[in-house]
1. Say the dipole of segment 222-284 comes from +1 at the beta carbon of Lys and Arg and -1 at that of Asp and Glu; which of GLY256, SER269, VAL237 then lies farthest toward its positive end?
2. Tell me which residues come under 5 Å, amide H to amide H, from PHE104 once H is placed; ignore anything under 5 positions away on its chain.
3. Would you please name the GluC sites (Glu not before Pro) within segment 49-154 that are DSSP coil residues with at most 15 other C-beta atoms within 10 Å of their C-beta?
4. Only Lys, Arg, Asp and Glu count, each charged at its Cβ (+1, +1, -1, -1), so figure out the dipole size of the chain about its Cα centre, rounded to 20 debye.
5. Exactly which chymotrypsin sites (Phe, Trp or Tyr not before Pro) in segment 88-163 are in a DSSP loop and have at most 11 other Cβ atoms within 10 Å?
6. What length, rounded to one decimal in nm, is gained on full extension from GLU118 through to PHE257, with 0.36 nm per residue of separation minus their alpha-carbon distance?
7. If pairing requires two Cys Cβ atoms under 4.7 Å apart, which cysteines of the chain are left without a partner?
8. Any idea how far the Cα center of segment 54-69 sits from the one of segment 220-236, in Å?
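The values are calculated or read from the model by the stated rules, or taken from the named source; none is laboratory data. Just so it is clear, the model here is predicted, and its values are computed rather than measured. We place every Cβ from the backbone using ideal geometry, glycine too, and count neighbours over all the protein chains shown. We work out accessible area using only protein heavy atoms, side chains counted, and drop any ligands, DNA or RNA first. Shrake-Rupley method; radii C 1.70, N 1.55, O 1.52, S 1.80 Å.
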Amino acid sequence: MMEADKQGWQSNTKKLEAAGAMGIEYSLSCPQGGDGTHGDIVAQDARLTAKIIDWVMQISDPEIPKLFKLTGAVTAIYPIISAVKEVLDRYPGKKAGVTLANTFPTLGFRSGNGKWDEGIIVGMSGEGVLPISYLSLARAGGMGVFISGNGGAMNHHDAANFLALGAGNVQFCTLPERYGYGIIDDLMSGLSHLLEERKIGSVQELIGIAQPKPVTDFMDIPFKHRHSSLKDKDLCVNCGNCTRCPYLAIALDADGFPTIDEEKCMGCSLCVQLCWTNALEMVENQE
Ligand SMILES: Cc1cc2nc3c(=O)[nH]c(=O)nc-3n(C[C@H](O)[C@H](O)[C@H](O)COP(=O)(O)O)c2cc1C
């Protein structure tokens, strides 16, 4: 990187601060970046990310918070957050943190004049990227860097999950784009009700509540604890949809009603979802 790049980041920061910005977010994660050979996105490279953040922090007004916007499109978030933390720890009096994610780089097609449709890089956002953001946050949430949670939150419960995993606040982009700003009232009342239901006194108390061990290890997941069952014979129309069970645990009896082999049932609940008359349910195994 050149001296000119450094000057650009620093002078733009100063301009925004002088103009009265209350906070500045720096996108290091535009998905429409390079040619893919070295990674398309600045925030995929821990060294580059740290370098740019350091340039900004050197001249940052301590009272104007800075957020550095990362990407979920990395194999591991640890090295990126570690590199960021190393820089931010050098400026303890200056307010700064990271924004967890940006849109996810993906390829779409649109019709063109060539032999085949034209491939274009599009940024995927909304519910499709939510589980990726959750996992990144589960890993990064306890690392001691302020995180503004984002990437896929579409309702108050998603936002609550972000906060529980350690985000200090939550950003929404696709949600208000799709439904308008009126949705913010729904988010606030939904979160209030959720906190009341879970007997959590404040948003502050919710932040990081799932840490330090937000993920149950794969080998600790109970093998199976529930199986499907015919809840209401009157609702069953003998369609046989449920016999599409991938574990071959369901067969129809002579009258066309499902019989469930509890030994074979893995508790996946696919049959309950396939049953369009709601005749099946999941029940806890009797130990
Ligand atoms: C139409 C659109 C334009 C966006 N433009 C930018 C941008 O200029 N810079 C940026 O850092 N992120 C941009 N984003 C990413 C969003 O700020 C946000 O990080 C992303 O959409 C993930 O959050 P969401 O799932 O809540 O939408 C854009 C997103 C959308 C949908």
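1. Highest projection toward the positive end goes to SER269.
2. MET124, SER125
3. GLU63
4. Rounded to the nearest 20 debye, it is 920 debye.
5. Listed in order of number, the matching sites are TRP116.
6. Going from the current span to full extension adds 45.0 nm.
7. Those would be CYS30, CYS173, CYS236, CYS239, CYS245, CYS265, CYS268, CYS275, since no other cysteine Cβ in the chain comes under 4.7 Å of theirs.
8. With segment 54-69 and segment 220-236 each reduced to a Cα centre, they are spaced 54 Å.
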